[in-house]
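The block underneath contains the structure these notes are about, expressed in structure tokens.
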Amino acid sequence: QVQPVESGGGLVQPGGSLRLSCAASGSTFGFNANAWYRQAPGKEREWVGTIYNVGTTRYADSVKGRFAISRDSAKDTVYLQMNGLKPEDTAVYYCTYTVYSRVYWGQGTQVTVSS
């Protein structure tokens, strides 16, 4: 069983930066990809971006050029670097591990962008 755990959320001012981390307990042998999602109050969960096991990344248009996903394979940890944060980025951020095509979700970490 894979259990992702996110960390690094918090309160940041508009224009600021924050880096989220996500590490997984359990074996991730057969790893396919990591993804980040977010859910703002009263809105549906939204895909933010994905990093595949070959290193390729893809991003939602809303975060392209501001957010970057990276992965440390030695630590089996994925990161979401968020720059130029806007109030509309406020949400609970979730990471996923896809292992043998099965998706495992973390519990989420709150990011609040406010002055």
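The values are calculated or read from the model by the stated rules, or taken from the named source; none is laboratory data. Keep in mind that this is a model prediction, so the values were computed, not measured. Cβ: placed from backbone, ideal geometry, glycine included. Neighbour counts: every protein chain shown. The protein model used for the area step is the full one, side chains on, heavy atoms only, and it has no ligands, DNA or RNA in it. Shrake-Rupley method; radii C 1.70, N 1.55, O 1.52, S 1.80 Å.
Any idea how many residues of region 72-97 are among the polar types (S, T, N, Q), more than 24 Å from Pro14 (Cβ to Cβ) and outside any loop (DSSP other than H, G, I, E, B)?
Within region 72-97, the first condition is being among the polar types (S, T, N, Q), and the residues that meet it are 73, 77, 81, 83, 90, 96.
If we keep only those that are more than 24 Å from Pro14 (Cβ to Cβ) as well, we get 73, 77, 96.
Retained after the next criterion (residues that are outside any loop (DSSP other than H, G, I, E, B)): 77, 96.
Total meeting the criteria: 2.
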Looking at region 1-56, which of the residues that are among the hydroxyl-bearing types (Ser, Thr, Tyr) and open to solvent by less than 50 Å² (accessible area, probe 1.4 Å) is nearest to Ser101 (Cα to Cα)? Thr28
If we ask which residues in region 77-93 are open to solvent by 30 Å² or more (accessible area, probe 1.4 Å) and in contact with a Phe, Trp or Tyr (Cβ under 8 Å, 6 or more places away or on another chain), their number turns out to be 2
Applying the selection to region 100-115, what residues are β-branched (Val, Ile, Thr) and crowded, with 19+ Cβ neighbours inside 10 Å? Thr109, Val111, Val113
Only one residue in Arg19, Arg58 is of a type in the set (D, E, K, R), under 10 Å from the mean Cα position of the chain (by Cα) and part of a strand (DSSP E or B), so which one is that? Arg19
May I ask you to list pairs of residues, at least six apart or on different chains, whose Cβ atoms are under 9 Å apart, with the first in region 75-86 being touching a residue at least 40 places away in the same chain (Cβ under 8 Å) and the second being buried (at least 22 other Cβ atoms within 10 Å of the Cβ) and assigned to a loop (DSSP other than H, G, I, E, B)? Met82/Val63
